[in-house]
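Peer 1: Handing you a structure now.
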Amino acid sequence: MNEVLKTIGDLGIVPVVAINDAAHAVPLARALLAGGLPVAEITFRTAAAEESIRRIAAEVPQVLVGAGTVLTPEQVDKAVGAGAKYIVSPGTNPAVVKRCQDHGVPVTPGTATPSDIEVALGLGLNIVKFFPAEAVGGLKALKAMAAPYGMMKFIPTGGIDAANINDYLAFPKVHACGGSWMVKTETIAAGRFDVIETLVREAVGTMLGFQLAHLGINTSGADASLAVTRSIAGLFGLMVKEGNSSNFAGTMVEVMKEPGLGTHGHMAVQTNSIPRAIAYLARNDIGVDMGTAKGPAGGPVKAVYLEGEFGGFAIHLLQK
């Protein structure tokens, strides 16, 4: 897969931005970066789009900047010349797609029907935009339309917000989602980049859905494990569930029969997407120990430990 498109998939959300004043481009990009979502689709709906892309590409290169609402080959030339790393169009225009391919820049054209998908396939594409997502039937329509096309993935855009994004992202054929709820034009125009940073951080948190699943405690043997488990279970009226390598007090506490990772034990943290969680943590210089990964052979990772300890505890990521 193209590295730019892979990065978009890892990020999960693409902020779709309309900027009326290019002076707002760099502060916006810095707010996206600080909020944990270093990507922006700058739409060619405004006269400031080309210059906004140019400024972001030059001054905030950590942000993956692309151009949206690209309607003509000439706009492709302008966007790429300004530094756009990817192109998005509302429909599947072969002339636009071919010009992007000439430039070696990935493009995700809009599709709303099986015929659109057929055209995109004929142009050699395997990731397209689904637009306008909610207006043409939402996730139900996408699932029905995508069924015959196992080779195609989609980036739904249009009507996506914090309330429905995880429904879309849970569908395996969704590569990422585009949305503008955290980067509204009026908020940008007012210069409220602090608000945008907060909304972006909340959007990332909603997408990843980090949640403490249980606390793991290391003990020195089976007898000690069972004693600690019963003690904790008695405190809170929890059921004791005995296992081969550990015992559980309800679902809150796992007590290991032999010391596991972490000086004191581990914290099990659930997430909506282990791949996106890994990418998010990597952007914050936190690695994972893939030697601890568990999952079906050839299938997705279901559990993995982070590298290092935190307050004497290892952290164990679990797929929800």
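The values are calculated or read from the model by the stated rules, or taken from the named source; none is laboratory data. Note that the coordinates shown come from a computational prediction; the quantities given were computed from them, not determined experimentally. With ideal geometry, Cβ positions are generated from the backbone for all residues, glycine too; neighbour counts draw on all protein chains shown.
Peer 1: Consider the range 8-58. How many of its residues are touching a Phe, Trp or Tyr at 6+ places or on another chain (Cβ under 8 Å) and among the basic types (Lys, Arg)?
Peer 2: 1
Peer 1: If we scan the range 140-153, do we find a residue that is out of contact with any Phe, Trp or Tyr (no Cβ under 6 Å at 6 or more places or on another chain) and part of a strand (DSSP E or B)?
Peer 2: As a first pass, look at the range 140-153 and keep what is out of contact with any Phe, Trp or Tyr (no Cβ under 6 Å at 6 or more places or on another chain): 140-141, 143-153.
Going one step further and asking which of them are part of a strand (DSSP E or B), we end up with 153.
Yes, the range 140-153 contains at least one residue that is out of contact with any Phe, Trp or Tyr (no Cβ under 6 Å at 6 or more places or on another chain) and part of a strand (DSSP E or B).
Peer 1: Looking at this structure, is VAL195 among the β-branched types (Val, Ile, Thr) and within 30 Å of LEU125 (Cα to Cα)? Give the steps one after another, and end with the answer.
Peer 2: Working: among the β-branched types (Val, Ile, Thr): yes; within 30 Å of LEU125 (Cα to Cα): no.
Judged against the criteria, VAL195 is not a match.
Peer 1: Consider ALA57 carefully, then state whether it is without any contact (Cβ under 8 Å) to a residue 24 or more places away in the chain, surrounded by fewer than 21 Cβ atoms within 10 Å (Cβ to Cβ) and in the same structural domain as PHE130 (by TED's automatic domain parsing).
Peer 2: Values: without any contact (Cβ under 8 Å) to a residue 24 or more places away in the chain: no; surrounded by fewer than 21 Cβ atoms within 10 Å (Cβ to Cβ): yes; in the same structural domain as PHE130 (by TED's automatic domain parsing): yes.
Against the criterion (without any contact (Cβ under 8 Å) to a residue 24 or more places away in the chain, surrounded by fewer than 21 Cβ atoms within 10 Å (Cβ to Cβ) and in the same structural domain as PHE130 (by TED's automatic domain parsing)), ALA57 does not qualify.
Peer 1: What single numbered condition from (1) surrounded by 15 or more Cβ atoms within 10 Å (Cβ to Cβ); (2) closer than 20 Å to PHE44 by Cβ; (3) touching a residue at least 12 places away in the same chain (Cβ under 8 Å) fails to hold for LYS184?
Peer 2: Here LYS184 clears every test but (3).
Peer 1: Given the criterion within 28 Å of ASN166 (Cβ to Cβ) and within 15 Å of the chain's Cα centre (by Cα), identify the matching residue among VAL65, VAL39, VAL17. Break it down stepwise before answering.
Peer 2: Numbers: VAL65 fails: within 15 Å of the chain's Cα centre (by Cα); VAL17 fails: within 15 Å of the chain's Cα centre (by Cα).
Going through VAL65, VAL39, VAL17 in turn, just one is within 28 Å of ASN166 (Cβ to Cβ) and within 15 Å of the chain's Cα centre (by Cα): VAL39.
Peer 1: So which of PRO114, PRO106 is modelled with pLDDT of 95 or more, of a type outside the set (Val, Ile, Thr) and farther than 23 Å from GLY179 by Cβ?
Peer 2: Numbers: PRO106 fails: farther than 23 Å from GLY179 by Cβ.
Result: PRO114 is the single residue among PRO114, PRO106 that is modelled with pLDDT of 95 or more, of a type outside the set (Val, Ile, Thr) and farther than 23 Å from GLY179 by Cβ.
Peer 1: Going by what's in this entry, would ALA135 be described as surrounded by fewer than 21 Cβ atoms within 10 Å (Cβ to Cβ), part of a loop (DSSP other than H, G, I, E, B) and under 17 Å from the mean Cα position of the chain (by Cα)?
Peer 2: On the way: surrounded by fewer than 21 Cβ atoms within 10 Å (Cβ to Cβ): yes; part of a loop (DSSP other than H, G, I, E, B): yes; under 17 Å from the mean Cα position of the chain (by Cα): no.
Against the criterion (surrounded by fewer than 21 Cβ atoms within 10 Å (Cβ to Cβ), part of a loop (DSSP other than H, G, I, E, B) and under 17 Å from the mean Cα position of the chain (by Cα)), ALA135 does not qualify.
Peer 1: Got at least one residue in the range 88-100 being within 30 Å of ALA190 (Cβ to Cβ) and either crowded, with 22+ Cβ neighbours inside 10 Å or not assigned by TED's automatic domain parsing to the domain that holds ILE160 (or both)? First the steps, then the outcome.
Peer 2: In the first step, residues of the range 88-100 are kept if they are within 30 Å of ALA190 (Cβ to Cβ); the result is 88-90.
Among the residues that remain, those that are also either crowded, with 22+ Cβ neighbours inside 10 Å or not assigned by TED's automatic domain parsing to the domain that holds ILE160 (or both) are: 88-89.
Looking for residues that are within 30 Å of ALA190 (Cβ to Cβ) and either crowded, with 22+ Cβ neighbours inside 10 Å or not assigned by TED's automatic domain parsing to the domain that holds ILE160 (or both), one finds at least one in the range 88-100, hence yes.
Peer 1: Further question on the same structure: Among strands (runs of 3 or more DSSP E) lying entirely in the range 238-298, which contain 2 or more residues that are crowded, with 20+ Cβ neighbours inside 10 Å? Full working, then the answer.
Peer 2: Values: elements: 240-242, 246-249, 253-256, 265-271, 288-294.
Passing ranges, in order: 246-249, 253-256, 265-271.
Peer 1: Can I ask one more? Against the definition (surrounded by fewer than 22 Cβ atoms within 10 Å (Cβ to Cβ) and either at pLDDT 95 or above or in the same structural domain as GLY68 (by TED's automatic domain parsing) (or both)), how does GLY209 come out, yes or no?
Peer 2: Working: surrounded by fewer than 22 Cβ atoms within 10 Å (Cβ to Cβ): yes; either at pLDDT 95 or above or in the same structural domain as GLY68 (by TED's automatic domain parsing) (or both): yes.
Judged against the criteria, GLY209 is a match.
Peer 1: State all residues of the range 237-260 that are among the β-branched types (Val, Ile, Thr) and farther than 22 Å from GLN211 by Cβ; if no residue qualifies, say none. Please lay out each step first, then the result.
Peer 2: Step one: of the range 237-260, the residues among the β-branched types (Val, Ile, Thr) are 240, 251, 253, 255.
The answer is VAL240, and nothing else.
Peer 1: Looking for whichever is small (Gly, Ala, Ser), more than 22 Å from VAL17 (Cβ to Cβ) and touching a helix residue (DSSP H, G or I) at 6+ places or on another chain (Cβ under 7 Å) here; the options are ALA79, ALA84, ALA170, ALA95. Which one fits? Can you show your working first?
Peer 2: Numbers: ALA79 fails: more than 22 Å from VAL17 (Cβ to Cβ); ALA84 fails: more than 22 Å from VAL17 (Cβ to Cβ); ALA170 fails: touching a helix residue (DSSP H, G or I) at 6+ places or on another chain (Cβ under 7 Å).
Among ALA79, ALA84, ALA170, ALA95, only ALA95 is small (Gly, Ala, Ser), more than 22 Å from VAL17 (Cβ to Cβ) and touching a helix residue (DSSP H, G or I) at 6+ places or on another chain (Cβ under 7 Å).
Peer 1: Next question. Is at least one residue of the range 217-227 in a strand (DSSP E or B) and under 24 Å from LEU306 (Cβ atoms)? Explain how you work it out, then say what you get.
Peer 2: If we filter the range 217-227 for residues that are in a strand (DSSP E or B), which is where we start, we get 217.
Okay, now just the ones that are also under 24 Å from LEU306 (Cβ atoms), so 217.
Yes, the range 217-227 contains a residue that is in a strand (DSSP E or B) and under 24 Å from LEU306 (Cβ atoms).
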